[in-house]
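One structure is given here, and the rest of the page talks about it.
The values are calculated or read from the model by the stated rules, or taken from the named source; none is laboratory data. The structure presented is a predicted model; accordingly, all values stated were derived computationally and were not measured. Cβ: placed from backbone, ideal geometry, glycine included. Neighbour counts: every protein chain shown.
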Amino acid sequence: MTTMRDKKRARRRFAVCVMNEGYQASLDRNKIYVVLPDDEAEKEGDLRVIDESGKDYLYPADWFVALEVPKAGCRGVSTEGVLKRAAANSALQTEPG
């Protein structure tokens, strides 16, 4: 079982979405997403991704291409920042206009 401490220690992972059929509101093609550790999901061929809702959901792994980010580069990318942008994008899409 993965503990919260293990998740925090895990190296931050990123992937580019290359397919979003049926989930256009949740995933943008060619956008980089944060991938959370989930060994069980990966065994089943899925990835746990923080999508446009700002929440994490499972999506087929073949919808994404993993990115190799040097450890130094990961320090400058925060999950919190990704979540704030996702929330802002979500709010913009729901405002009448």
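Observations on the model:
- Selection status of PRO70, of a type outside the set (A, V, I, L, M, F, W, C), at pLDDT 95 or above and out of contact with any Pro (no Cβ under 9 Å at 6 or more places or on another chain): no
- Restricted to segment 1-47, and to residues there that are part of a loop (DSSP other than H, G, I, E, B) and closer than 19 Å to GLU68 by Cβ, the residue that is modelled with the lowest pLDDT is ALA10.
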